[in-house]
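Data first, discussion second: the structure below is written as C-alpha cells.
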Amino acid sequence: MKKFSIFALSAALVVAAGVLLSEAPTAEAVTCSPLQLSSCLSAITGGTPPSSQCCAKLNEQKPCLCGYLKDPNFRQYVNSPNAKKVAAKCGVSYPKCS
C-alpha cells in the first residue's frame, strides 16, 4: 500500500509540474530605454526611411511607448508626425495611451 501512495504522489507532482510549466509566460520583460530607439533618430527627425534595426527596436520597445509619451523629454519625438510614419512603416501600431 505504501508503494502505491508514493507512486501516486510522484505521478501527481509530475502532472502538476507539467501544468505549471505549460502555463509559464514565455515573453521576456522589456527594459524601457529610449536609447534603444537611437537607430530610429534619423528617421524620426529627418524623415528618412527606417532601418530594419530601427523597426526591430521599435517593435521591442512598443510596451514602453506610452511611458515615453508621458515624459516631456521624449514626447515631442514620439508624438511627431515622422514618428507616426516610422511606426506605420515598421508595422507597429501607434499606442492609444490613457
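Details
- Extension reserve of the Ser51-Val30 stretch, reckoned as 0.36 nm per residue once the Cα distance is removed: 5.5 nm
- For the range 34-90, the carbon plus sulfur part of the accessible surface works out to 56%, probe radius 1.4 Å.
- Ranked from largest to smallest solvent-accessible area, with a 1.4 Å probe on the protein heavy atoms, Lys57, Lys84, Lys89 come out as Lys89, Lys84, Lys57.
- Global geometry of the range 34-90, whether rounded, prolate or oblate, following the gyration tensor of its Cα atoms and the 1.5 cut on a/c: oblate
- Using the Karplus relation 6.51 cos²θ - 1.76 cosθ + 1.60 with θ = phi - 60°, the per-residue 3J(HN,Hα) values for the range 65-75 come to 4, 5, x, 5, 5, 7, 8, x, 6, 10, 3 Hz, with x marking Gly and Pro.
- In order along the range 89-95, phi translates into HN-Hα couplings of 5, 8, x, 9, 5, 6, x Hz, rounded to whole numbers, per the Karplus curve 6.51 cos²θ - 1.76 cosθ + 1.60 with θ = phi - 60° and x for Gly and Pro.
- Whole-Hz ³J(HN,Hα) from phi, Karplus 6.51 cos²θ - 1.76 cosθ + 1.60, for the range 30-39, glycine and proline x: 8, 8, 6, 8, x, 4, 4, 9, 4, 5
The values are calculated or read from the model by the stated rules, or taken from the named source; none is laboratory data. All values reported here derive from a predicted model rather than from experimental measurement. For accessibility, only protein heavy atoms count, side chains too; no ligands or nucleic acids. Shrake-Rupley method; radii C 1.70, N 1.55, O 1.52, S 1.80 Å.
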